[in-house]
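Working notes, beginning with the structure itself.
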């Protein structure tokens, strides 16, 4: 039998020690006695720690012992509760029963490990097997909502929420600060993908907030998720090279860089990364108080790899759920980055006829980006200084008109001023 190492425990879902398997045959009385013993141990720790503590023990040491005692009580309590539910279910369920036209028979209880907030617990549950053959199910798991992953649903849900903010490895590491056995990165990844399948239905069914403001702001923008380049994929898919083991991670990284070869230094403006477009929709409201607009209130973020039209379909449905549907006399502020496709969808889904008080604007940050690009094209790369935070109209550089020879580059391509003019002119109605 191979030895169980720390790495084996981390990569596997659960490793059941022999002492835990011995509890599978415990009776209800034995489980009650085990819970009472754990409670007494916690009580003795509180009463006698001050007198029996070793020299140099601090409150940190007391907390560590207390946490372990609380976990021991919680594990014993969980095993007792699950055993009582299984016993009641076994008494109330006949040996043969019918569900949906299929006859099932109960088999003897099968033991199982369950990873919880307080550690791994053991419990047994009966299996309902079809009389005519086929896959069955566990009535206790179905009744209590336990998953086939052998992980507590609330523990897995917390790991998934962490994984939506940080990487899977960081989510597992952070969760490991608070629980004895966090889910593996593979389990977290599959859970995130599985729950993501139901994201659209959740957004459709979520109740609108009760304390919304009088102005709805809808921000729609596209972001690119970086992906591997073609050259990187070819290196990954190629045959593995035999290379000696590096003496340290520092030397391993150096060896990998040397094996991969030198990469050409990117020049200014190079964009060699492949990107998969994500359309993001951010909605929130503002509350009027005199001349002020207070907020944001009830901010919600939605992102999808689907087409841009799908993002606007969600935005219209979200506006309707929050009381800003078609025909409303409330103000709806639509903010984009100047993408002409987005403005076309704005006129289609948030037309002025359906939303008479709509306000369509371009994000100020994108406007400033083009403004500074124009300044650098006129004055070069040196530091630009304006006497006021925003330059006045007479201070802006005057560029040649688009199409003139002065606006063309050496190869006939449009220069920076010509490109800026072609960008700003179609969007001048959205600049406010």
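Throughout, read-outs are computed from the coordinates displayed, never taken from laboratory work. Computed from a prediction, not measured in an experiment: that's the story for all the values here. Here the Cβ is made from the backbone with ideal geometry for all residues, glycine too, and neighbour counts use every protein chain on show.
Within region 81-104, name every residue whose backbone N is under 19 Å away from a label modeled 7 Å from Cα of residue 132 along the Cβ vector. Within reach of a label on residue 132, which here means backbone N under 19 Å from a point 7 Å along Cα→Cβ, region 81-104 contributes 96-104. The value of relative contact order for region 154-196, using C-alpha pairs under 8 Å at least six residues apart, is 44 percent. Taking other C-beta atoms within 10 angstrom as a stand-in for reagent exposure, 59, 97, 350 fall in the order 59, 97, 350, fewest first. Answer rounded, prolate or oblate for region 154-196, using the Cα gyration tensor with square roots of eigenvalues a ≥ b ≥ c: rounded when a/c is under 1.5, else prolate when a/b is larger than b/c, else oblate. Prolate.
If R0 is taken as 25 Å, the Cβ-Cβ distance between residue 211 and residue 165 corresponds to a FRET efficiency of 0.45. Quarter the surface of the alpha carbon convex hull of region 11-142 and you get the mean projected area, 11.1 square nanometres.
Reported to the nearest whole Å, the Cα centre-to-centre distance from region 160-175 to region 274-330 is 27.
Each peptide among 289-299, 358-368 gets the average number of other Cβ atoms lying within 10 Å of its residues, and from highest to lowest they stand as 358-368, 289-299. When 332, 301 are arranged by Cβ crowding within 10 Å, least crowded first, meaning fewest neighbours, the order is 301, 332. Between residue 87 and residue 234, the modelled label-to-label distance comes to 6.9 nm, taking each label 7 Å out from Cα in the direction of the beta carbon. Looking at region 11-142, the DSSP beta bridges with both ends there are about 100 percent antiparallel. Extension gain, residue 52-residue 202: 0.36 nm per intervening residue step, less the Cα-Cα distance, totals 48.6 nm.
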